[in-house]
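In what follows, a single structure is set out as structure tokens and then discussed.
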Amino acid sequence: LIMANRYEFYEDAIDIYFNTQTKGLAKDHEFYKNFLSSDMVYYTIPIHMQYRPDLIAYKFYKDSSLDWVLTFVNQFDNSPEDYYTDRVILIPSLTRIKQLV
């Protein structure tokens, strides 16, 4: 079980209108490239997994909570709509993820 979360890669940002703290831009907008390696996989999203990054993460990592890695590496917004049928996405290896997080 990997206990990292996607927010550690983002800087804190203050919303001056609502006086709240949130996560803003990535600390290093090129950091996602560190997840890329020769053992990554290109995966075409089938219809039964469209809009479900959690299912894709479970398929490859046996851990649905790693869906954030797929979103981060593929530079998607935090929206399930990015995971539409027939879209090809990058799947980093679990070994590489463990090295980084």
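Values quoted throughout were computed directly from the atomic coordinates according to the rules given, and no laboratory measurement underlies them. Values in this document were obtained by computation on a predicted structure and should not be read as measured data. Don't worry about glycine lacking a Cβ; one is built from the backbone with ideal geometry, like all the others, and counts go over all protein chains shown.
The peptide list 32-44, 49-61, 69-81, put in order of mean Cβ contacts within 10 Å with the highest first, becomes 49-61, 69-81, 32-44. Given R0 = 41 Å, the distance between the Cβ atoms of Glu30 and Arg52 translates into a calculated FRET efficiency of 0.90.
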